[in-house]
Amino acid sequence: MIETSLEVDAVDRAIAGSLHLDGAVLPMLHAIQDELGYVPGFATDRIAEALNLSRAEIYGVVTFYHDFRSTPPGRHVVKVCRAEACQAMGADALVDHMKQRLGCDFHETSPSSAGSVTLEPVYCLGNCAVGPSLSIDGKLHGRVTKERFDDLAKTELG
Amino acid sequence: MTRVFVPLDASAKSVGADQVANALAMMDGVDVVRTGSRGMLWLEPMVEVETPRGRMAYGPVQAHDVPGLMAAGFLEGKPHPLSHGLTEEIPYLKQQERLTFARCGVIDPLDVADYEKHDGFKGLEAALRMSGAEIVDVVTKSGLRGRGGAAFPTGIKWKTVLDTPADQKYVVCNADEGDSGTFSDRMIMEGDPLVLIEGMIITAVAVGATKGFVYLRSEYPDAERVFGHAIEAAKKAGYLGDDVRGSGKAFHLELRRGAGSYVCGEETALLESLEGKRGVVRYRPPVPAVSGLFGKPTALNNVNTFASVPIILHRGADFYRDYGVGKSRGTVAFQLGGNVKHGGIVEKAFGLTLRQLVYDFGGGSASGRPIRCAQIGGPLGAYLPESEFDIPLDYEAFAAKNALVGHGGVVVFDDTVDMAKMARFAMEFCAIESCGKCTPCRIGARRGVELIDKLVKSKRREVEHDTLLDLCNTMTHASLCALGGLTAYPVESALRYFPEDFGLPVRN
Ligand SMILES: Cc1cc2nc3c(=O)[nH]c(=O)nc-3n(C[C@H](O)[C@H](O)[C@H](O)COP(=O)(O)O)c2cc1C
Ligand code: SF4
Ligand code: FES
């Protein structure tokens with residue numbers, strides 16, 4: 001894949017912004033993903049070079065953590081909680097409903113007719129007393145019934 | 001202008017607090033103050049009005065309720081169907097013992113002066129008059145044990161750091177709060193972040209560290225925002241920097257974001273992650289107190305552990321020790337969640353029973369159906385059936401039942417729960433989150449999922465059952481860390497108390 005100048009700028013800025021930190025790898029990866037929505041493959045080489053580490057080491061870090069993705073997500077990222085407290089409030093049925101409505105499974109992106117939404121599972125959002133919970137582009141929503149999800153889909157995922 | 005308090009807590013916001021704050025801000029005579037949450041999450045968004053009699057609570061309030069509340073005269077604390085009277089008199093709150101959460105929901109979390117007015121930085125003031133060894137001694141005598149899960153005595157850990165000579169020492173806060181069903185770390189960081197900062201400064205002074213890190217899970221963007229501002233506010237007020245309040249001691253604090261890995265809550269994996277590596281668990285010894293971050297002595301504690309330190313230094317070891325039972329001293333902020341009517345924070349001294357927590361505070365199930373069980377202590381905690389709810393919440397009593405108090409999360413289930421499914425989920429979660437270093441966990445968890453699938457369909461269930469118990473035994477005794485080592489707790493407890501869900505005969 002050929003990197004775009006947008007990607008190159010974002011990666012270089014992220015590296016320059018965190019170079020002074022102890023243990024700079026995660027801050028760099030976060031800065032890149034915050035800006036681009038994903039970590040392009042060549043970023044591994046650039047970070048390795050900047051920190052004088054091997055590419056294998058950086059690649060190992062990028063692939064260890066669930067948060068980092070190597071390809072662009074859809075227009076929106078929805079993370080729905082699969083953990084116990086939300087299950088106790090009916091999260092499984094909510095998840096089935098969401099998958100059906102979006103037309104995609106976990107770790108997939110819905111077709112653009114359904115809004116181009118990337119669906120991810122998450123294991124607790126710290127919202128366990130007002131579940132089921134999900135987040136849309138980082139914004140948390142609680143007490144999410146199927147109906148409330150349909151409303152959110154109209155207002156937030158349109 | 002009348003002051004009206006609206007939480008900025010993530011849970012409150014997730015059910016509409018921002019919209020309520022905006023609607024209130026447009027009303028004449030209203031001065032909106034954003035606070036943390038009082039922890040009565042079933043009432044969120046809960047709005048409080050300052051009146052001459054004290055703060056009056058209304059909730060759950062939605063933005064469209066605001067005109068009606070104004071018309072009813074809620075600015076004078078007048079009655080309304082959503083009114084709960086004086087906040088402090090609500091039984092859920094009144095019956096608690098709020099030490100760590102004393103200020104949460106009361107003060108403006110980013111106002112240093114407000115914090116100081118409510119006894120803030122009194123613990124640090126006392127600590128700055130003491131030697132490191134004296135501070136460690138007070139914390140040891142208080143009986144404080146780590147609130148992150150392992151319940152290790154905090155003073156003993158600090159003594160090791162203090163006694164290990166080094167050119168650099170660190171204080172690291174574990175704000176990974178990965179346990180499902182827990183949110184007390186998040187609520188402190190959003191509702192009273194300065195108490196965590198104060199606790200970390202005291203620790204640094206005690207052990208001789210000059211640099212600290214807070215490792216916060218990425219699932220908490222609101223906490224990240226609030227805590228980031230709190231660090232800036234503390235710097236400005238001279239509590240962080242090269243010379244902490246003229247003491248001649250330096251302490252610098254940095255906030256770091258995790259990346260969605262549960263095992264990075266395990267302390268050595270956390271340190272690897274902070275160093276910029278894969279979150280793989282380290283062999284020990286050495287313990288982090290001797291060789292931790294970048295190989296230096298490191299005082300690593302949970303958010304609620306650090307947040308309990310200021311009051312211990314301010315009020316003394318005996319004051320704190322007087323709460324609790326046996327070897328479990330002080331208070332814990334229990335977190336009630338799942339299928340429970342009144343979910344939220346219940347800070348109580350150790351020793352109350354699970355039944356009191358789930359029924360007296362929790363009010364029974366949210367669905368109105370009978371409660372079947374609760375999982376205590378996160379995804380690695382045991383499932384206890386309703387018949388066992390008279391067990392006191394105390395570390396040793398739980399350990400005797402092969403269960404955990406852990407970080408204090410209590411997740412309630414009604415009688416529609418399928419325990420074979422929950423056991424399978426525990427194995428699946430372990431497989432997803434395993435760091436991969438040791439075989440019993442990495443491979444065992446996958447085999448566990450397969451075995452449970454086979455068991456519920458099998459005609460020779462007793463055989464699969466024995467194999468599953470054998471696997472649990474291997475994982476318990478041969479795993480390097482508690483992720484693989486404790487996954488058997490939820491699985492075995494589900495098998496023991498609910499065999500019928502697996503199609504196994506009920507034993508007497
Ligand atoms: C798999 C695993 C996950 C853990 N997650 C956390 C966590 O999210 N937060 C936490 O404070 N401790 C967690 N712990 C416990 C830490 O390893 C450590 O005991 C604790 O942070 C020490 O602080 P404390 O003594 O104040 O509790 C976890 C342990 C394991 C094995
Ligand atoms: S038990 Fe699991 S998480 Fe812990 S060290 Fe072994 S593989 Fe890693
Ligand atoms: S279990 Fe879903 S938010 Fe905690």
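The values are calculated or read from the model by the stated rules, or taken from the named source; none is laboratory data. Just so it is clear, the structure is predicted and the values come from calculations on it, not from any experiment. We place every Cβ from the backbone using ideal geometry, glycine too, and count neighbours over all the protein chains shown. Accessible surface is based on the protein model in full, side chains and every heavy atom, while ligands, DNA and RNA are left aside. Shrake-Rupley method; radii C 1.70, N 1.55, O 1.52, S 1.80 Å.
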ask   = What does the average come to when, for each residue of peptide B:218-225, you count the partner chain Cβ atoms lying within 10 Å of its Cβ?
value = 4
ask   = What lysines could a cross-link reach from B:LYS13, if we take a straight Cα to Cα line under 22 Å and drop same-chain neighbours fewer than 8 places away?
value = A:LYS79, A:LYS139, A:LYS146, A:LYS154, B:LYS341
ask   = What are the ³J(HN,Hα) values, in whole Hz, obtained from phi via the Karplus relation 6.51 cos²θ - 1.76 cosθ + 1.60 with θ = phi - 60°, for each residue of region B:135-143 in sequence order, with x given for Gly and Pro?
value = 4, 4, 5, 4, 5, 4, 5, 5, x
remark   = Residues meeting the amide H criterion for B:ALA151 (H placed from the backbone, H to H distance under 5 Å, 5 or more places apart or on another chain) are B:GLY146
Projected area averaged over orientations for the protein assembly as shown, convex hull of C-alpha atoms, nm² = 29.7 nm²
task = Of the listed pairs B:LYS211/B:LYS249; B:LYS141/B:LYS249; B:LYS211/B:LYS236, which have alpha-carbon separations greater than 20 Å here?
result = B:LYS141/B:LYS249
note = Two pseudo-spin positions, 7 Å from Cα along C-beta at B:ARG442 and at B:GLN19, lie apart in nanometres by 4.8 nm
remark   = Once the mean of 1/r over all distinct C-alpha pairs in region B:426-480 is inverted, the Kirkwood radius in Å reads 11.3 Å
For region A:23-145, convex hull of alpha carbons as volume per residue, Å³ = 108 Å³
request  = Determine how many Å³ per residue the convex hull of the Cα atoms of region B:85-161 encloses.
outcome  = 138 Å³
query = Residue-wise, which Karplus ³J(HN,Hα) couplings in Hz belong to region B:371-376, taking 6.51 cos²θ - 1.76 cosθ + 1.60, θ = phi - 60°, and x for glycine or proline?
reply = 7, 9, 6, 9, 9, 10
message = If I ignore ligands, DNA and RNA and count only protein heavy atoms, how much of B:TRP158 is accessible to a 1.4 Å probe, in Å² to the nearest 10?
response = 0 Å²
task = Provide the FRET efficiency to the nearest 0.05 for the A:ASP45-B:LYS236 pair, computing r from the beta carbons and using R0 = 35 Å.
result = 0.30
message = Suppose all protein chains stay in the model; what accessible area per residue would a 1.4 Å probe give for region B:389-456, in Å²?
response = 34 Å²
request  = Using amide H atoms built 1.01 Å from N in the peptide plane, name the residues 5+ places from A:LEU140, or on other chains, whose amide H lies under 5 Å from its own.
outcome  = none
request  = Could you run the Karplus curve 6.51 cos²θ - 1.76 cosθ + 1.60 with θ = phi - 60° over region B:224-230 and give me ³J(HN,Hα) per residue in whole Hz, x for Gly and Pro?
outcome  = 4, 5, 4, 5, x, 5, 5
inquiry  = Quick query: amide H of B:VAL172 versus all other amide H atoms, modeled in the peptide plane; which residues come in under 5 Å with a sequence gap of 5 or more or a different chain?
reply    = B:PHE213, B:ALA299, B:LEU300, B:ASN301
note = Rounded to 0.05, the calculated FRET efficiency for the beta carbons of B:ALA250 and B:ILE391 at R₀ = 41 Å is 0.35
request  = Quantify, in whole percent, the carbon and sulfur part of the accessible surface of region B:277-369 (1.4 Å probe; protein heavy atoms only).
outcome  = 50 percent
query = If B:LYS236, B:LYS401, B:LYS13 are ordered by their accessible area, calculated over protein heavy atoms with a 1.4 Å probe, which sequence runs from highest to lowest?
reply = B:LYS236, B:LYS401, B:LYS13
Helix axis angle, A:91-102 relative to chain A longest principal axis, alpha carbon, degrees = 70 degrees
key: Ranking by accessible area, most exposed first, for A:LEU134, B:LEU451 with a 1.4 Å probe   = B:LEU451, A:LEU134
request  = Give the Rg (one decimal place) followed by the Dmax (whole number) of region B:220-375, computed from C-alpha coordinates and expressed in Å.
outcome  = 19.8, 60
query = In degrees, nearest 10, range 0 to 90: what is the angle between the Cα axis of helix A:5-18 and the longest Cα principal axis of chain A?
reply = 80 degrees
note = Expressed in angstrom, Rg and Dmax over the Cα atoms of chain B are 23.3, 74
request  = Under 11 Å from the Cβ of B:ALA289, count the other residues' Cβ atoms, weight Lys and Arg +1, Asp and Glu -1, and hand me the total.
outcome  = +3
ask   = So what are region B:338-401's ellipsoid semi-axes, whole angstrom, largest first, if each one is the square root of 5 times an eigenvalue of the alpha-carbon gyration tensor?
value = 19, 14, 11
query = Taking a probe of 1.4 angstrom, what is the accessible area of B:ARG372 in Å², to the nearest 10?
reply = 40 Å²
query = Could you sort A:LEU21, A:LEU53, A:LEU6, B:LEU354 by accessible area so the largest value comes first, with the probe set to 1.4 Å?
reply = A:LEU6, A:LEU53, A:LEU21, B:LEU354
note = The set of cysteines in chain A having no other cysteine's C-beta under 4.7 Å reads A:CYS104, A:CYS124, A:CYS128
request  = Mind checking which lysines have their Cα closer than 19 Å to the Cα of B:LYS437? Skip sequence neighbours fewer than 8 apart in that chain.
outcome  = B:LYS277
query = Ranked highest first by average number of other Cβ atoms within 10 Å, how do B:163-170, B:261-268, B:475-482 line up?
reply = B:261-268, B:475-482, B:163-170
remark   = For B:LYS141 the rounded accessible area (nearest 10 Å², probe 1.4 Å, non-protein molecules ignored) is 110 Å²
